[in-house]
Amino acid sequence: MKHLIVVGAGLVGLSTTRAALASGYKVTVLEQGPLPNPNAASCDQHRLIRYQYGRAAGYTRMVSHAFDVWEKVWGDLGETLFEKTGTLGIAHGSNDYVAQSLATFEDLGIPHERLTSTEIERIAPQLTLPEDAWGLLNADGGVLLAERIVDGLLAWNRSQGAVMRAHCRVEHVDLERASVRLIDGEVLEGDVLVVATGAWLGELLPSHALPTYRQAVCYVEGPEAMMAHWRNGPSLTDIGIGDNYALMPVRGTGLKFGSGAHRRAGSPTDGFGAELAEGYEVIAPFAPYLRYAEGYRPVRMAVGYYVKDSSEKFRIDTIGKSMVVTNCDGQMFKFGPLVGERLIACADGKISAGELQGWAAGA
């Protein structure tokens, strides 16, 4: 029986463990913090899954495959931790990200509707838009219940025999030999090693260091009449300038606003706290498009750290007996189970390292 060692128990690590167990591996998972780790990028109330990916046809196609694997995850967990809210991007120009997504949808045959500003306000009355704005609606996207998914995968992996080791900090990895040395001197050797440590990768493997960013998102409360519309409307993939998105409050989650314009350089050593007042900075790009904008206030902040370079493409580096997953930005969650299956397919020789790397880059 092959032994897989996984460093990092975020969604990619847990999903790789799930795929490996299904393929007959013995698996040991090493997590530097508790299980689950509240500071991991995977641990938030909910995350968006959407087809809108601009001109990135490879990632757009990948979303369909991701949905297929999520269905298998729901079978393992015994419940569907996904709400199909639909996803809506609002365009303000002829060649912005939403317009590029529309072109890709048309090329690939992705089901969609193009809506006028009046039609958008009919399904999302909480918004007020310029007359020339238009929307791209896909009915299949929606919200993944992230924290509950992580909890479910942890429980399922344990039930299938995975060894899940919390507060187990790795000091050194030997990628060629698939071995790790822990901070207390213990050495573990496997047949395959997967390193999926997110924003902590540069600390563990300086040779793989990439720019690291702090992203603070804001849970928001608005006027009650508007909150009813948020609960019944589509999630937003794009609104205004600066990569702004909103996740609907579903099944006990809150209304979450995020803004790419609010991303800034940082590392996990900077800490995970955020003053509530920072939430107004996240809300600000939404305000021109919110009906009764003055009634919105932040109620909770969530801080995560991500690695991201200018390519904006996932990287899976294969070295010796090891695979290193990196450059995930904030986009990896929707693809986590699919990535896990591809990693194990490569470990089993079903796809080559080159094919894996090209696929991860959206080829």
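The values are calculated or read from the model by the stated rules, or taken from the named source; none is laboratory data. Quantities reported herein were computed from a predicted structural model and do not represent experimental measurements. Cβ placement follows ideal geometry from the backbone for every residue including glycine, while neighbour counts extend to all protein chains displayed. Just so you know, the surface numbers come from the protein's heavy atoms only, side chains and all, with ligands and any DNA or RNA stripped out. Shrake-Rupley method; radii C 1.70, N 1.55, O 1.52, S 1.80 Å.
Please compute the net charge surrounding L193, taking Lys and Arg as +1 and Asp and Glu as -1 over other residues with Cβ under 11 Å from its Cβ. Residues close to L193 contribute a combined charge of -2. Computed from the C-beta positions of W74 and E203 and an R0 of 35 Å, the FRET efficiency is 0.50 to the nearest 0.05. Over the range 312-356, accessible surface divided per residue gives 35 Å², non-protein components excluded, 1.4 Å probe.
Over the range 244-291, accessible surface divided per residue gives 43 Å², non-protein components excluded, 1.4 Å probe. With the convex hull drawn over the C-alpha atoms of the range 19-129, the volume per residue is 173 Å³. Counting only protein heavy atoms, what percent of the accessible surface of the chain is carbon or sulfur at a 1.4 Å probe? Of all accessible area on the chain, carbon and sulfur atoms account for 49 percent.
Which residue fluctuates the most in the chain, going by a Gaussian network model with Cα springs under 10 Å, if the choices are G295, G152, G202? It is G295. For the range 189-292, chymotrypsin sites (Phe, Trp or Tyr not before Pro) are listed when DSSP marks them as loop and at most 12 other Cβ atoms sit within 10 Å of their Cβ; the list is Y292. Take the alpha carbon gyration tensor of the range 72-190, find the square roots of its eigenvalues, order them as a ≥ b ≥ c, and report rounded if a/c is under 1.5; if not, report prolate when a/b exceeds b/c, else oblate. Cα axes put the range 72-190 in the prolate bin. Computed over every Cα-Cα pair of the range 193-269 and binned at 10 Å starting from 0, the pair-distance distribution P(r) comes out as 16, 35, 26, 18, 5, 0 percent.
Every pair of different Cα atoms in the range 271-363 enters the Kirkwood calculation, which places the hydrodynamic radius at 16.3 Å. Entry comment: accessible area of the range 1-151 is 38 Å² per residue, from protein heavy atoms only and a probe of 1.4 Å.
Here the 3J(HN,Hα) profile of the range 315-321, calculated from phi with Karplus coefficients 6.51, -1.76 and 1.60 at θ = phi - 60°, is 10, 10, 8, 9, 9, x, 9 Hz, Gly and Pro shown as x. Rounded to the nearest whole Hz, the Karplus-based 3J(HN,Hα) values (6.51 cos²θ - 1.76 cosθ + 1.60, θ = phi - 60°) of the range 122-134 follow the sequence 6, 8, 9, x, 6, 9, 10, 10, x, 4, 8, 6, 9, with x at glycine and proline. For V303, neighbours were defined as the other residues whose beta-carbon sits under 14 Å from its Cβ, and their charges (Lys and Arg +1, Asp and Glu -1) total 0.
How much length would be gained if the chain were fully extended between V299 and E113, taking 0.36 nm per residue of separation minus their Cα-Cα distance, in nm to one decimal?
The span from V299 to E113 would gain 63.6 nm if fully extended.
Of the GluC sites (Glu not before Pro) found in the range 106-208, the ones in coil according to DSSP and having at most 15 other Cβ atoms within 10 Å of their Cβ are E131, E176, E186.
Computed from the Cα positions only, the extents of the chain along the three principal axes stand at 62, 44, 39 Å, in decreasing order.
Size of the range 96-255: Rg and Dmax of its alpha carbons, in Å, are 22.3, 65.
For the range 154-216, dividing the convex hull volume of the Cα atoms by the residue count gives 126 Å³ per residue. Scattering from the range 211-353 was approximated by placing one identical point on each alpha carbon and applying the Debye formula without solvent; log10 I(q)/I(0) at 0.20 1/Å stands at -1.20.
Checking the cross-link pairs K72/K308; K72/K256; K313/K334; K72/K334 against a 21 Å limit on the alpha carbon distance flags K72/K308; K72/K256 as lying beyond it. Starting from a Cα-only point model with no solvent, please compute log10 I(q)/I(0) by Debye for the range 4-74 at q = 0.20 1/Å. Ignoring solvent entirely, the Cα scatterers give -0.99.
Do any GluC sites (Glu not before Pro) in the range 204-279 lie in a DSSP loop with no more than 14 other beta carbon atoms within 10 Å, and if so, which?
Values: sites: E221, E224, E275, E278; in loops: E275.
Filter output for the range 204-279: E275.
Within the shell defined by Cβ-Cβ distances under 13 Å, the residues around R169 carry a net charge of -3, with Lys and Arg each +1 and Asp and Glu each -1.
Scalar couplings 3J(HN,Hα) for the range 169-174, obtained by applying the Karplus form with A = 6.51, B = -1.76, C = 1.60 to θ = phi - 60°, are 7, 8, 9, 8, 10, 10 Hz; x denotes Gly and Pro.
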